[in-house]
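This report concerns only the one structure given below.
Just so it is clear, none of the values below were taken in a lab; they were calculated from the coordinates. Predicted model, so just to flag it, every value in this text is computed and none were measured. As a convention, Cβ positions derive from the backbone with ideal geometry for all residues, glycine included, and neighbour counts pool all protein chains shown.
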Amino acid sequence: MTRLSTAEATVETLLRHGLDTVYALPGLHNDPLFDAFYHAADRLRVIHPRHEQTAAYMALGAALATGKPQAFAVVPGPGLLNAGAALLTAYGMNAPVIGLIGQISQADIDRGHGHLHEIHDQLGLMRHITKWAERIRSPQEAPSLVSQAIWHATSGRQRPVALECALDTWARRADVALPDGPMALPVDSVDDEAIEKAAKILGEAERPMLVLGGGALDASAEVVAIAELLEAPVSSYRRGRGVIPSSHRLAVDMPVGHRLWKDADAVLAVGTRFFIQNGNWGIDDKLKVVRVDIDPDEPDRFRKPDVALVGDARAQLRALIAALSRHNRKRSSRAAELAEHRAWYAERLSRLEPQLGFLKAMRAALPEDGIFVDEVSQMGFASRLAFPVELPRAYLSPGYQDNLGWGFGTALGAKAAMPDRKVLAIAGDGGFLYQMGELATAARHNIAVVVVVFDNGAFGNVKRIQQERYGNRLIASDLQNPDFVRLADSFGVASFKATTPAQLEDALHKAFALNAPALVHVPHGDVPSPWDLIMMPKVRG
């Protein structure tokens, strides 16, 4: 037993779980917590951004880049609400983010007195946007609840969690028992009968294919092995990019996957919501579906698959590999077929200029193990189709929330957690202004993210929709922007300007060589729409 405050017990428990960084914005309700951070400064790094949204986005970026739990801390009420978009995004992206949220004095919670930052039923609110949330009511509870929070965040389907603690409770002291280490995670189980059935379906198929999502990120070797055993093309989009290297002979981008879909006779869907295929491309009885997902609720969500393998993707796929040896047929190479489809796709992508040229420039400047952070922008939409990715967790994209302005803070977190890897963030002029103040955070903590701001003076996608669907009745889509080069200079951040792909590649090489935060401003005009390659029509069912 050790005599500690609730805040100290919380910090010690985080450390015993291997968390060595907290992304946090201080404030009255968390003063004792920050004092505990101070006293643990030799073991715990605190990075303070300029907005609560960024504290949570940085934890999200760190979690996505590492695959490990990451923590942030903010004050209650407006602090939590400011961080809410990032928590919601973490929920949609299955990211193990731990929120430490302040509260008013414990005796006054939910009594409506009007205390600073008071919010009705904050705990209930947190439970709507996290996998699990609780309140720490005493020092003795802190170690157990922090351990439970991390367990919930990392077990099964990983998702964000949150703990709230009242101002007076943070400071209260008592004898507490600290955990020796993390709680044991559930042991993966394999259903031998389901594995055998899946292996038979896939092994006997003539034209199988794979579809990947974020749940496959830690099963790269197994995915590649199965694809090669089956001679099966592998289609991924956004969250699954890099699980199989883009350069692999069987890797195909989503539009090519769509062209292959109508003739596939079996599909192995790994760690994906399977939403696009179920909702847009169509499924019929001639297509046998095997789904792998750690969440038992997921496989049946749209349409019951022929086989559901419930559990961690790596364990399930390893068992499937072993079983395929008993059922797998011999197949001819798909090389000629895929080459024909890739030629079609290359021609179709060539119409996306200047986006394609800029994407090639960024790929040339970013090392293979560099991390690319997508943003909701014209360049971001194109990157989801055309940016080659060779490694898992090297392409970060915001999932189904697809929230404007997420990118820069997320990139800062990814770089803070992975300091030895280059991190390149892209942003439109609309999205970047959500977090442009975090140039100060990059400078203050020397977080060497290079951000490329593509500037067309508009919320480009909104403007296109108004032009095409609403008779060019434009409203609230044109933007007044700062001089981005001078803006970066004013924060002490290196800045460059580029108007061509060649200039962008040169600027990026110079920026990365600085090993310091940098901004590249790329003004451009209207660009062609990529949406016919994203919202592709139904082809079966």
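Key figures for this structure:
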| item | result |
| --- | --- |
| Cα centroid separation - the stretch 502-536 against the stretch 332-357, whole Å | 22 Å |
| Estimated FRET transfer efficiency when R0 is 25 angstrom, pair D284-R329 (beta carbons, to 0.05) | 0.65 |
| Vicinal HN-Hα couplings computed from phi for the stretch 301-309 (Karplus, 6.51 cos²θ - 1.76 cosθ + 1.60; Hz; Gly/Pro x) | 4, 9, 7, 5, x, 5, 9, 10, 9 |
| Alpha-carbon centroids, the stretch 461-478 and the stretch 226-298: separation in whole Å | 34 Å |
| The stretch 350-533: proportion of alpha-carbon pairs further apart than 30 angstrom, % | 12 percent |
| Label-point separation in nm, R249 to D218, each point 7 Å along Cα→Cβ | 3.1 nm |
| Alpha-carbon centroid distance for the pair the stretch 54-96 / the stretch 364-409, whole angstrom | 18 Å |
| Contour excess over end-to-end distance, with Cα ends at D306 and A443 and 0.36 nm allotted per residue | 44.0 nm |
| Ranked packing of 337-344, 7-14, most packed first, by mean Cβ within 10 Å | 7-14, 337-344 |
| Structure-based [θ]222 nm, the chain - -39500 (n - 2.57) summed over DSSP H runs of at least 4, per residue, nearest 500 | -11500 deg cm²/dmol |
| Projected-area mean, the chain, by convex hull of Cα positions, square nanometres | 25.9 nm² |
| Space enclosed by the convex hull of the alpha-carbon atoms of the stretch 2-176, per residue, Å³ | 93 Å³ |
| Where the Cα pairs of the stretch 192-342 fall when distances are cut into 10 Å bins, in % | 12, 48, 36, 4 |
| In sequence order, calculated HN-Hα J values of the stretch 45-52 (Karplus, 6.51, -1.76, 1.60; Hz; x Gly/Pro) | 9, 10, 10, 10, x, 10, 7, 4 |
| Computed over the stretch 290-392, the ratio Rg/Rh where both radii use C-alpha atoms and Rh is Kirkwood | 1.08 |
| Sorted by Cβ neighbour density within 10 Å, fewest at the top, the residues M536, M93, M183 | M183, M536, M93 |
| Under-5 Å amide H pairs with A425, H placed in peptide plane, nonlocal only | V373, V450, V451, V452 |
